[in-house]
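Below is one structure, written out as structure tokens; comments come after it.
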Amino acid sequence: MRAMKMVVRRWSGACRDRGMSTAEYAVGTIAAAAFAGLLFKIVTSSQVKSLLLQIIEKALRLAG
């Protein structure tokens, strides 16, 4: 019986914090979706579009 308790204690100690729980996955997923939405909003803004267009035009002028 004593050996069984020792095995259970070792096994339970080794299995602690072996990954994210469901709540952590949910928070991580929501954070990733929010970041993707923010990044999409920034990239599709008029200022970023004009900046990217200027960079492309400059690169085409330099290329010949």
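The values are calculated or read from the model by the stated rules, or taken from the named source; none is laboratory data. Quantities reported herein were computed from a predicted structural model and do not represent experimental measurements. Using ideal geometry, Cβ is built from the backbone for each residue, glycine included, and neighbour counts are taken over all protein chains shown. Remember, those area values only see protein heavy atoms, side chains included, never the ligands or the DNA or RNA. Shrake-Rupley method; radii C 1.70, N 1.55, O 1.52, S 1.80 Å.
As for segment 29-50, it holds no residue that is over 17 Å from the mean Cα position of the chain (by Cα), open to solvent by 60 Å² or more (accessible area, probe 1.4 Å), modelled with pLDDT under 85 and of a type in the set (Gly, Ala, Ser). Within segment 7-28, if we keep just the residues that are surrounded by 10 or more Cβ atoms within 10 Å (Cβ to Cβ) and of a type outside the set (Val, Ile, Thr), the residue that is modelled with the lowest pLDDT turns out to be Met20.
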